[in-house]
Amino acid sequence: ACGNNKDGCGRDAICGIDRRTSALRCICKVGYTNTGSAVNIVCKDSCTVRNGRCGPHATCSHHAKTNAVKCTCKAGFTKTRSGSKVICKVYVADEFNHRVMRWTHGATQGTVVVGGNGPGAGVNQLTDPIGLSFDRHGNIYVAEYGNQRAQRFSIEKGC
């Protein structure tokens, strides 16, 4: 069994028993990543190792109760997934082209996600989109100056 000093696992690891071999082994606690080897466990704060896999447009932090990695998009970016699988993208209301564009990290051109079918009042058309808002359910709300309306589209389903 694991002793008082956790069998030398260190403060950021827990001592456990391998069910296959019955050998004692160290396992990094939640929020920590092994940067050593399977034999020589070195647990580091996951946020200091590749930004916790949050991506270049997100900030890594830890959940207050569980210490799990939590990714939060930086200002100007919108989250399209949850947990540590956050993908942060830029959305732009392209007013004079009557569309909403999405830009991903490193892209040289954006993707039309709403509109792009010329100006109009149809459900697949926008006229002078001037504002965007997002909710936690994967919806984008587009405010249009030309049609004096706001429409909701699902980002997760490809709009």
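Some points to look at:
- Scanning the range 17-40 for residues that are surrounded by 12 or more Cβ atoms within 10 Å (Cβ to Cβ), over 19 Å from A68 (Cβ atoms) and among the small types (G, A, S) yields one hit, G36.
- Test: residue in the range 88-97 that is out of contact with any Gly (no Cβ under 7 Å at 6 or more places or on another chain) and assigned to a loop (DSSP other than H, G, I, E, B): no
Residue-wise test of (1) crowded, with 18+ Cβ neighbours inside 10 Å; (2) modelled with pLDDT under 90.
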residue	(1), (2)
T66	no, no
V69	yes, no
V86	yes, yes
T104	no, yes
Q109	no, no
V112	no, no
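- Check on K44, outside any loop (DSSP other than H, G, I, E, B), basic (K, R) and more than 11 Å from the chain's Cα centre (by Cα): yes
- T33 being out of contact with any Leu (no Cβ under 8 Å at 6 or more places or on another chain), at pLDDT 85 or above and either assigned to a strand (DSSP E or B) or under 30 Å from L126 (Cα atoms) (or both): yes
- In this structure, V123 does not qualify as among the aliphatic types (A, V, I, L, M) and assigned to a strand (DSSP E or B).
- Among the residues of the range 41-54, those that are of a type outside the set (A, V, I, L, M, F, W, C) and surrounded by fewer than 20 Cβ atoms within 10 Å (Cβ to Cβ) comprise K44, D45, T48, R50, N51, R53.
The values are calculated or read from the model by the stated rules, or taken from the named source; none is laboratory data. In this text, all values refer to a predicted model and were calculated from it rather than measured experimentally. So basically every Cβ, Gly included, is an ideal-geometry build from the backbone, and we count neighbours across all protein chains shown.
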